[in-house]
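Before any comments, here is the structure.
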Amino acid sequence: MLLYATLIFVGLLGLEPAQGVGNCPRRWGMYADEANCGKFYNCVDGKSFPFDCPEGLAYNERRGVCDWPDLVERCDAEAYLGFQCPEPTAYELQDFVNPPYAHPRDCAKHFVCVSTYYGKRLPRLLSCDEGTVFNPSTRTCDEPVNVPGCENYYGAQENPFNKGQTLRRQGR
């Protein structure tokens, strides 16, 4: 009899409605934003708390992590990143598995185009280490002085201890 009463009680608890509000389809959980691939909500007792993925990543609701946009079902990677992969040249295919391309507006960023299982190439946004920029000639991250148009990307920082001298990063 006690087992029967326990089963009925547990069964009644499981019938509670989801009671989602706003960005929360259910009271608890993490849910992707409908309009922005890089945004998601952590819902706690029906209250939504917005979060943004790091730049270039999209929220993968299935895995519960920020992921490459091309791996997120509901995300159009090209539209989200604002970059469409060009057709690769013979040189690119010979020397690179996933050819890199310069970002059109940011010297320190670049895209790699990965081939999907259905043959389409989709972009992924990458960043160079701090102090370097992407060199389209060598297709690697390089010193800004070696990349025309990006020489002053980081600007000159004045040495606060010795006015007139410029600071340079060590080891570069």
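The values are calculated or read from the model by the stated rules, or taken from the named source; none is laboratory data. Just so it is clear, the model here is predicted, and its values are computed rather than measured. Using ideal geometry, Cβ is built from the backbone for each residue, glycine included, and neighbour counts are taken over all protein chains shown.
Would you check if there is a residue in segment 128-144 being out of contact with any Lys or Arg (no Cβ under 9 Å at 6 or more places or on another chain), assigned to a helix (DSSP H, G or I), of a type outside the set (Lys, Arg) and farther than 22 Å from Asp52 by Cα?
For segment 128-144, residues out of contact with any Lys or Arg (no Cβ under 9 Å at 6 or more places or on another chain), assigned to a helix (DSSP H, G or I), of a type outside the set (Lys, Arg) and farther than 22 Å from Asp52 by Cα: present.
Restricting to segment 65-79, give me the number of residues that are part of a loop (DSSP other than H, G, I, E, B) and closer than 13 Å to Leu125 by Cα.
So the count comes out to 1.
For segment 70-110, name all the residues that are β-branched (Val, Ile, Thr) and at pLDDT 95 or above.
Across segment 70-110, the qualifying residue is only Val72.
Could you tell me whether any residue of segment 80-87 is outside any loop (DSSP other than H, G, I, E, B) and over 19 Å from Gly29 (Cβ atoms)?
Looking through segment 80-87, at least one residue is outside any loop (DSSP other than H, G, I, E, B) and over 19 Å from Gly29 (Cβ atoms).
Within segment 123-149, track down each residue that is among the hydrophobic types (A, V, I, L, M, F, W, C) and at pLDDT below 95.
none
Out of everything in segment 62-117 that is surrounded by 11 or more Cβ atoms within 10 Å (Cβ to Cβ) and among the acidic types (Asp, Glu), what residue ends up being nearest to Ala32 (Cα to Cα)?
Once the filter is applied, the top-ranked residue is Asp67.
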